[in-house]
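Take a look at the structure below.
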């Protein structure tokens, strides 16, 4: 098909958060059909594409490179090429790069199409067993500047709270929750959909009392139940 007179599209494609079998049929079809793929880490996305039997041009598009690469991406789309935006895991633009590109596409009239799929925050919430009628997603708490201020704000939040945390700060976060909201019920999910998936539930003091015995490697989703919830 001659694309010279056509404008391409941007597809925002969700990919598995761990288990590669969780990719949707539609996601595979889109990744097969686009001209190039924008990804956080080409090595990570290459593993997924190899599993799916897909060969495509991959371009690194992360927090450090996003701003300076946007115009090049737009030029290629205006020429008729379609692009897929993926993250290393899960749904792009959710605590991941890509928001500025999506916003710019809307501004200049490029069609943006979302391809739904896995999302760690919603998956964790669905298996946490805590109130889900009203919740907030805060992503990663600031590492340094503003961290204590943010935790104090969260301590008075009445709705269920969803946080992301890394291997290196999960114990620190639990100690901070023990300081600021020791009575709130907390659910910690580790390595969702992967071989060593685990879910721990309890108050911060209860979780910390056994924390030394737990494996702390991996990606974490922390659910802080709505105020007043108990089991």
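Against the test of being more than 22 Å from residue 96 (Cβ to Cβ), without any contact (Cβ under 8 Å) to a residue 24 or more places away in the chain and part of a loop (DSSP other than H, G, I, E, B), the options 133, 212 yield a single qualifying residue, 133. Of all residues assigned to the stretch 71-92, at least one qualifies as being assigned by TED's automatic domain parsing to the domain that holds residue 28, exposed (fewer than 15 other Cβ atoms within 10 Å of the Cβ) and in contact (Cβ under 8 Å) with a residue 12 or more places away in the chain. Of all the numbered requirements in (1) outside any strand (DSSP E or B); (2) surrounded by 15 or more Cβ atoms within 10 Å (Cβ to Cβ), residue 100 misses one, and that requirement is (2).
Would you point out the residue of the stretch 160-193, among those that are in a loop (DSSP other than H, G, I, E, B), touching a strand residue (DSSP E or B) at 6+ places or on another chain (Cβ under 8 Å) and touching a residue at least 60 places away in the same chain (Cβ under 8 Å), that is surrounded by the most Cβ atoms within 10 Å (Cβ to Cβ)? Working first, answer last.
Narrowing the stretch 160-193 to residues in a loop (DSSP other than H, G, I, E, B): 166-169, 181-185, 191-193.
Pick out the ones that are also touching a strand residue (DSSP E or B) at 6+ places or on another chain (Cβ under 8 Å) and you get 166-167, 181, 184-185, 191-192.
Still in the list and also touching a residue at least 60 places away in the same chain (Cβ under 8 Å): 191-192.
Values: 191: 17, 192: 23.
Within the stretch 160-193, the match that is surrounded by the most Cβ atoms within 10 Å (Cβ to Cβ) is 192.
Residue-level check: of (1) surrounded by 13 or more Cβ atoms within 10 Å (Cβ to Cβ); (2) in contact with a strand residue (DSSP E or B) (Cβ under 8 Å, 6 or more places away or on another chain); (3) assigned to a helix (DSSP H, G or I), residue 106 misses just (1). In the set (1) out of contact with any strand residue (DSSP E or B) (no Cβ under 8 Å at 6 or more places or on another chain); (2) more than 17 Å from residue 35 (Cβ to Cβ), residue 74 fails one condition alone, (2).
Confirm whether residue 156 is surrounded by 17 or more Cβ atoms within 10 Å (Cβ to Cβ) and modelled with pLDDT of 95 or more. Walk me through how you get there before you give the answer.
Numbers: surrounded by 17 or more Cβ atoms within 10 Å (Cβ to Cβ): no; modelled with pLDDT of 95 or more: yes.
The answer is no for residue 156.
The values are calculated or read from the model by the stated rules, or taken from the named source; none is laboratory data. In this text the structure is predicted, and so the values were computed from the model without any measurement. Cβ sites come from the backbone with ideal geometry, for glycine too, and all protein chains shown count toward neighbours.
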